[in-house]
Amino acid sequence: MFKNYLKTAFRRLSRSRMYTIVNIIGLTVGITSCILIGLFIKNELSYDRFNKNADRIVRVNMSYGNSISTSNAAVTGTKVGPQFQLTFPQVESYVRLYPISGIVKYQDKMFNEKKILYADSTFFQIFSFHLLRGNPATALSTPNDIVITPEIAKKYFGDADPVGKVLHIGTEPGSQNDYTVTGVVADAPAASQIKFDFIASFNSLRKIVDNPQWFTANYYTYLLLHNPSQIAPLQKGITVYMKEVNKNELGMTGSDFLTYHLEPLTRVHLYSKVGEGMEPSGSITTVYILGIIAILILLIACINYTNLATAQSAGRGMEVGIRKVFGANRRQLFSQFIGESFLLTIISFVTAILLAVLLLPAFNHLTDRTMSASAIASPAFIVGLILLCFFITFISGGYPAMMLTHSGLTKILRSGFHVTSSGCGLRKTLIIFQFAVSVFLIISTLIILQQLNYINHRNIGYDKDYVIELPVDYRMRSEYGAFKRAIGNYPGVTAVTGAYTGPVNIQWGDAISAQTKSGNISFNVNAIPVDLGFISTMKMQLIAGSIFTPGDLMKMDTSNNNANFQYTYILNETAVRKLGWTPEEAIEKIINKGAPGIIKGVVKDFNFTSLHQPIGPLVIFLDPSFVNEMLVRVKGSDVPATLRFLQETWRTWAPYRPFEYHFLDEDYAHLYISEQRTGKVFSIFSILAIVLACLGLLALAAYTTVQRTREIGIRKVMGASASNIAVLVSKDFIKLVIIGIVIASPVAWWAMYKWLNNFAYRIQIQWWMFVVAGVLAIFIALITVSFQAVRAAIANPVESLRSE
Amino acid sequence: MQNNMIKISNLEKIYRTEEVETIALNKMNMEVKEGEFVAVMGPSGCGKSTLLNILGLLDDPNGGSFLFNGEEIAHYNERQRANLRKRTIGFVFQSFNLIDELTVFENVELPLIYTGVKASERKERVEAALDKMQIMHRRNHYPQQLSGGQQQRVAVARAVVNQPKLILADEPTGNLDSSNGNEVMALLTDLNDAGTTIVMVTHSEHDAKYAHRIIRMLDGQTVTESILREQL
């Protein structure tokens, strides 16, 4: 019996080619999307869970401020780990991590390495990274131990045994720079928030280790607890304990506070609200959005199947009738039709798995992950795929099978099989659903792209284009001034300055206090130390006072133990407003940020973090000793020549370091990488959705036209023109598309309103966006349908009547 | 005197749509004896096909009595009817009603599959039926590849493969030319001679002459009955 079903199904599929192709393409695309997105979701949900102790590890986040402002950070001072282990019995051990980049040298090989990690010796006990060579207990126990990945071993030592070799790392001035390789560690899994090429022992940072601090928060602290249930009690204990520390040890007064929040390791990647972790976080919202999109695309494909199968059932009445006459019962018939849908699903599944494997590299690029195709073969995923296979089979094939088997026998035999009006209603509903989803995605895409365009072209308060950033490290500082002059003299360069970072994303957290009309005010600010010429090179707009001058450097008097040391400050409008002054009033006023100093100027507000956040108070202070980046504004006319010049100059001044540069606008674009990604994902999937919906519409229009052949013939005999017929056939479909648009618009408006709310600076949703999306959908649907409609309309009516 | 295989009395079938009520069978009475060959004639719309559907257990009557082999089956539900049907009744249609996706062999095999006959036995019986209908050489062809006469021979093979006691034929020669039509009628006569009861609806006086008895219908009732020859 099963063989008979399979045989019929195969023959049927090979005979109704359009039906089969539309369904296989649709289901394949739907399943491929599901597999890829499924891999992504699996990857995201499994983040950091490879650690055997995952449920017992927490990250310590710092929270500090006062009643006016609070700041949160994923980093802490060096004291947190050891002090908490001493104080709280729940803490089994701790590890502090300090990621840096630096120049690594071995003999004549020299590279700028971005993933060097300092870690306490407990690293391999707390996390489950796999040490290929060396002893996990001792590999990081003594100063200047270093563990490297196989790739790095190959890069520096070729095929020689890396263990015992000595690498030179230029990091901090004054620290001992020769590191002995004590082990080889396997690459961190893709789904790990901690990634590395080198791991050096934390106690190599002697000055830092010997003098543990609550503040100077540059280090990630992870605690290993004895068991997971201790997180909440420990958190309570920390809150109480830190109040004591604030009062007795740190001497804080008023509303000032410093405390810590524990974040379970497995929640960091998807749920953390604290920025700047070990790597950019994922987001549970993205997981949801992608999951929903995958389901929607799959539903559109299933709907194509359901619609085509019911439309096609017109031609299958006789078969059903005959089978019933010769004794088939409902269950047997139902199995037969479900079998057909199962066969189609299986074919699509095999194609989809192959396609997913092929597309995975591109999808990895899109999502910035390194997922491997082998994950498809994991038991959990296979079970998921099998369930999905049954789900699709029944979702798409269930209704047609039921419809075909439940119709009365004599009705079929007497008048052939007619698609019932209720089936027709369902079909209409499903088309409406498909187009509602497509239009929703089109509107969302339009709005996301508009917002991205806004981000790229918004006046952010300075000119981010044609600025090259060059790194400055401690060895270059002595020559920095000369180097700067050498660059500044080149005709292709219009201005040179330096700063702690570029102005794109200023993360330095600080606090200022000042005596104002309403008493002493203090609040948290962002701050950036800069070199002379910062404001003018960045083309920021000064609205009061003047810019820094060489004379201001003289005030930084370090003699007599800094007794007369003064900073010079330029504040942004928001900071001045927060102090209760107008820009003009603020000039020459004194504020204190570690050291006292006068406000020399007020700069017009510019966006110094991503547009998600409103512009906060910012203090720009003159201190060239903090310069990490040289900012070179170049003429747009011959950038390659200027870069060649910079490279040559670099070789002269910093021969110990490879020439590496990037553009400021790249930094800016990097801030919105997740939004760019969302934009791409939406673009791709809305195109897929509309293509699939149209594919279904095309096939459905073909069937309906065939069913209406007689009607069309009669109308033509009665004098209908070709255009009358085309309108007749298209009208019904377009009506459904319009209903889809009406349903999708408010939903899209709501979703996009929510999304845009994530941005402090955003576009307004405009009515024309909906019109464009609607017109686009109608236009595409019209082209699809009219293809069939015109064919029907220009056919010879005698032919169409004869065929009845 | 043979037993009655079919006895219907005061049988009613009414089709209702929202506005129109059509009486297809109006208190119809009729008997068919075991081994008899009965032809049912009448103008279009007189209720012939409705009668055949009810006799074939494809449809249920609205009223009256239907004794099949002495058992009252007017109240049978669909499942019961289907069970009785697949064991005892074979059908031959005017438009052959072969499944396009199945070969000649597979079409004939179909009733055996649904009655749960084992594969080896199925092969034997299908081949025997095809042999008898002289269509064995076409066993692997699809219906579209056959002439009308050949298709109807396949349909007859399918109707008899289950060795039914009753064959219901709905204008079996309606779509055939006269020589093919005669061949099919000869096949039916042979089957009847071998003991199978046959009820045939036809418009053709020529075909009707193959029967023992002709029932003429009008407006859902029997109007005349004529005996052509005695049943042996």
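The values are calculated or read from the model by the stated rules, or taken from the named source; none is laboratory data. Everything numeric here is computed off the predicted structure, so don't read it as measured data. Ideal geometry is used to build each Cβ from the backbone, glycine not excepted, and the neighbour counts take in all protein chains shown.
Within the bounds of the stretch A:491-500, is there any residue that is more than 23 Å from the chain's Cα centre (by Cα), farther than 30 Å from A:Ala217 by Cα and assigned to a helix (DSSP H, G or I)? I'd like the intermediate steps shown before the answer.
So the first thing to find is which residues in the stretch A:491-500 are more than 23 Å from the chain's Cα centre (by Cα), and the list is A:491-500.
Checking the rest, the ones that are also farther than 30 Å from A:Ala217 by Cα come to A:491-496.
Then drop every residue that is not assigned to a helix (DSSP H, G or I), which leaves none.
The answer is no; no qualifying residue exists.
Here's the yes/no breakdown for (1) outside the structural domain of A:Ser348 (by TED's automatic domain parsing); (2) surrounded by 16 or more Cβ atoms within 10 Å (Cβ to Cβ); (3) out of contact with any helix residue (DSSP H, G or I) (no Cβ under 8 Å at 6 or more places or on another chain); (4) charged (D, E, K, R):
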| residue | (1), (2), (3), (4) |
| --- | --- |
| A:Thr239 | yes, no, yes, no |
| A:Asn246 | yes, yes, yes, no |
| A:Ile293 | no, yes, no, no |
| A:Leu296 | no, yes, no, no |
| A:Tyr305 | no, yes, no, no |
| A:Ser313 | no, yes, no, no |
| A:Val325 | no, yes, no, no |
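Regarding A:Phe50, is this residue in a helix (DSSP H, G or I) and among the aromatic types (Phe, Trp, Tyr)?
On the way: in a helix (DSSP H, G or I): no; among the aromatic types (Phe, Trp, Tyr): yes.
Answer is no for this residue.
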Kindly provide the set of residues from the stretch B:204-220 that are of a type outside the set (Lys, Arg) and buried (at least 16 other Cβ atoms within 10 Å of the Cβ), ordered by number.
B:Ser204, B:Asp207, B:Ala208, B:Tyr210, B:Ala211, B:His212, B:Ile214, B:Ile215, B:Met217, B:Gly220
Here is a list of conditions, (1) away from chain B (no Cβ under 14 Å); (2) assigned to a helix (DSSP H, G or I); (3) not aliphatic (A, V, I, L, M), and A:Arg11 meets all of them except one; can you say which number that is?
(1)
Could you check the stretch A:507-590 for helices (runs of 4 or more DSSP H) lying wholly inside it with 3 or more residues that are surrounded by fewer than 21 Cβ atoms within 10 Å (Cβ to Cβ) and not aromatic (Phe, Trp, Tyr)?
A:550-554, A:559-562, A:573-578, A:583-586
Out of the residues in the stretch B:72-84 meeting the condition of being at pLDDT below 85 and within 11 Å of chain A (Cβ to nearest Cβ), tell me which one is surrounded by the fewest Cβ atoms within 10 Å (Cβ to Cβ).
B:Arg79
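Given the criteria surrounded by 17 or more Cβ atoms within 10 Å (Cβ to Cβ), assigned to a helix (DSSP H, G or I) and either in contact with a helix residue (DSSP H, G or I) (Cβ under 6 Å, 6 or more places away or on another chain) or modelled with pLDDT of 90 or more (or both), does A:Ile741 qualify?
Details: surrounded by 17 or more Cβ atoms within 10 Å (Cβ to Cβ): yes; assigned to a helix (DSSP H, G or I): yes; either in contact with a helix residue (DSSP H, G or I) (Cβ under 6 Å, 6 or more places away or on another chain) or modelled with pLDDT of 90 or more (or both): yes.
Spelling it out, A:Ile741 is indeed surrounded by 17 or more Cβ atoms within 10 Å (Cβ to Cβ), assigned to a helix (DSSP H, G or I) and either in contact with a helix residue (DSSP H, G or I) (Cβ under 6 Å, 6 or more places away or on another chain) or modelled with pLDDT of 90 or more (or both).
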Selection count, the stretch A:72-92, where residues are in contact with a Leu (Cβ under 7 Å, 6 or more places away or on another chain) and either part of a loop (DSSP other than H, G, I, E, B) or basic (Lys, Arg) (or both):
2
Can you find a residue in the stretch B:110-121 that is in contact (Cβ under 8 Å) with a residue 24 or more places away in the chain, within 23 Å of B:Gln152 (Cβ to Cβ) and more than 12 Å from chain A (Cβ to nearest Cβ)?
no
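For A:Val181, state whether it is in a strand (DSSP E or B) and without any contact (Cβ under 8 Å) to a residue 40 or more places away in the chain.
Yes; evaluated as a whole, the condition is true for this residue.
Any idea how many residues of the stretch B:122-148 are touching a residue at least 40 places away in the same chain (Cβ under 8 Å) and either touching a Pro at 6+ places or on another chain (Cβ under 7 Å) or away from every other protein chain (no Cβ under 13 Å) (or both)?
Taking the stretch B:122-148 first, the residues touching a residue at least 40 places away in the same chain (Cβ under 8 Å) are B:133, B:142-144, B:146, B:148.
Those left that are additionally either touching a Pro at 6+ places or on another chain (Cβ under 7 Å) or away from every other protein chain (no Cβ under 13 Å) (or both): B:133, B:146, B:148.
So the answer is 3.
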Between a residue in the stretch B:45-71 that is within 12 Å of another protein chain (Cβ to nearest Cβ) and over 12 Å from B:Asp170 (Cα atoms) and any residue that is buried (at least 16 other Cβ atoms within 10 Å of the Cβ) and among the polar types (S, T, N, Q), which pairs come within a Cβ distance under 7 Å, given they are 6 or more apart or on different chains?
B:Leu58/A:Thr410; B:Asp59/A:Thr410; B:Asp59/B:Asn53
Residue in the stretch A:360-371 that is at pLDDT below 85, closer than 28 Å to A:Met752 by Cβ and in a helix (DSSP H, G or I) present:
yes
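Would you confirm, using the coordinates I've provided, whether A:Leu27 is away from chain B (no Cβ under 14 Å) and more than 30 Å from A:His269 (Cβ to Cβ)? First the steps, then the outcome.
Working: away from chain B (no Cβ under 14 Å): yes; more than 30 Å from A:His269 (Cβ to Cβ): yes.
When the stated conditions are applied, A:Leu27 passes them.
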How many residues, within the stretch A:272-303, are among the aliphatic types (A, V, I, L, M) and under 13 Å from the mean Cα position of the chain (by Cα)?
4
Within the stretch A:23-71, track down each residue that is under 22 Å from the mean Cα position of the chain (by Cα) and either modelled with pLDDT under 85 or of a type in the set (Asp, Glu) (or both).
A:Glu44, A:Asp48
Find the helices (runs of 4 or more DSSP H) located wholly in the stretch A:188-302 whose residues include 2 or more that are in contact with a Ser or Thr (Cβ under 7 Å, 6 or more places away or on another chain) and without any contact (Cβ under 8 Å) to a residue 24 or more places away in the chain, and list them.
A:231-244
Have a look at A:Thr310, A:Thr345, A:Thr351 and point out the one that is more than 30 Å from A:Leu45 (Cα to Cα), more than 19 Å from the chain's Cα centre (by Cα) and either within 14 Å of another protein chain (Cβ to nearest Cβ) or in a helix (DSSP H, G or I) (or both).
A:Thr310
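Out of A:Asn61, A:Asn4, A:Asn43, I need the residue that is part of a helix (DSSP H, G or I) and crowded, with 19+ Cβ neighbours inside 10 Å. Which one? It would help to see each step written out before you state the result.
Details: A:Asn61 fails: part of a helix (DSSP H, G or I); A:Asn4 fails: crowded, with 19+ Cβ neighbours inside 10 Å.
Among A:Asn61, A:Asn4, A:Asn43, only A:Asn43 is part of a helix (DSSP H, G or I) and crowded, with 19+ Cβ neighbours inside 10 Å.
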Name the residue that is farthest from B:Gln231 (Cα to Cα), counting only residues in the stretch B:10-44 that are surrounded by fewer than 20 Cβ atoms within 10 Å (Cβ to Cβ) and within 14 Å of another protein chain (Cβ to nearest Cβ).
B:Glu18
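Might you check whether a residue that is in contact (Cβ under 8 Å) with a residue 40 or more places away in the chain and closer than 27 Å to A:Tyr656 by Cβ occurs anywhere in the stretch A:505-515? Don't jump to the end; show me each part of the working.
Step one: of the stretch A:505-515, the residues in contact (Cβ under 8 Å) with a residue 40 or more places away in the chain are A:505-507, A:509-515.
This time we only want the ones that are closer than 27 Å to A:Tyr656 by Cβ, so: none.
Within the stretch A:505-515, none of the residues are in contact (Cβ under 8 Å) with a residue 40 or more places away in the chain and closer than 27 Å to A:Tyr656 by Cβ.
A quick yes/no check of all residues on (1) surrounded by fewer than 20 Cβ atoms within 10 Å (Cβ to Cβ); (2) within 21 Å of B:Tyr210 (Cβ to Cβ); (3) modelled with pLDDT of 90 or more:
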| residue | (1), (2), (3) |
| --- | --- |
| B:Leu102 | no, no, no |
| B:Leu110 | no, no, no |
| B:Ile113 | no, no, no |
| B:Lys132 | yes, yes, no |
| B:Asp170 | no, yes, no |
| B:Gly174 | yes, yes, no |
| B:Asn180 | yes, yes, no |
